[in-house]
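Contents: one structure, followed by commentary.
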Amino acid sequence: MRAPSMQVQPERSKGLDLDRLMAACTAIAADTNLVDHPQFDRGHDQGLYLNFTFGTHHAAALWRLLRTRSYEDEELGAHLCAASMAVCSSTEGWDDYLLLYHFDPVVTLDPDTTL
């Protein structure tokens, strides 16, 4: 099983609607055809962060859905582009993960074709 995960740092984008973000991620987590094990948590490390992780056997399809419903969303997209990063674990866990999105455009991403 792989685990696409999005970390959001709300302080990077003032005006981010956290209720809308939570609703979007909850709707994705409810898709039991794609998501086997959702996990949402929050913490504080030099600012608030929210983690949305979705355990799945269909990482590529789930990443497409997550991208469509978050990064390409009319209301959420610009905020998430400024305030988040997305990664996906390998089948072996987090020691070997893919970086799928990063708020800093100079950071090199892994191709999502390897999902």
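The values are calculated or read from the model by the stated rules, or taken from the named source; none is laboratory data. Since this is a predicted model, take the numbers as computed values, not measurements. When we count neighbours, we look across all protein chains shown, and the Cβ atoms used for this are built from the backbone with ideal geometry, even at glycine. Areas reflect the complete protein model, heavy atoms only, side chains present, ligands, DNA and RNA absent. Shrake-Rupley method; radii C 1.70, N 1.55, O 1.52, S 1.80 Å.
Observations on the model:
- Among (1) open to solvent by 70 Å² or more (accessible area, probe 1.4 Å); (2) in contact with an Asp or Glu (Cβ under 7 Å, 6 or more places away or on another chain); (3) modelled with pLDDT under 95, the one test that residue 57 misses: (3)
- The single condition among (1) over 12 Å from the mean Cα position of the chain (by Cα); (2) crowded, with 19+ Cβ neighbours inside 10 Å; (3) under 17 Å from residue 104 (Cβ atoms) that residue 78 does not satisfy is (2).
- The residues in segment 16-36 that are over 15 Å from residue 85 (Cβ atoms) and either modelled with pLDDT under 95 or among the aliphatic types (A, V, I, L, M) (or both) can be counted, and the count is 10.
- Residues of segment 92-113 satisfying the condition of being touching a strand residue (DSSP E or B) at 6+ places or on another chain (Cβ under 6 Å), more than 18 Å from residue 49 (Cβ to Cβ) and either polar (S, T, N, Q) or surrounded by 13 or more Cβ atoms within 10 Å (Cβ to Cβ) (or both): 98, 109, 110, 112
- Among the residues here, residue 69 does not qualify as of a type in the set (D, E, K, R), touching a Phe, Trp or Tyr at 6+ places or on another chain (Cβ under 8 Å) and surrounded by 15 or more Cβ atoms within 10 Å (Cβ to Cβ).
- Candidates are the residues of segment 1-48 that are among the basic types (Lys, Arg) and closer than 23 Å to residue 97 by Cα; the one that is least open to solvent (accessible area, probe 1.4 Å) is 2.
- Test result for residue 86, assigned to a helix (DSSP H, G or I) and under 15 Å from the mean Cα position of the chain (by Cα): no
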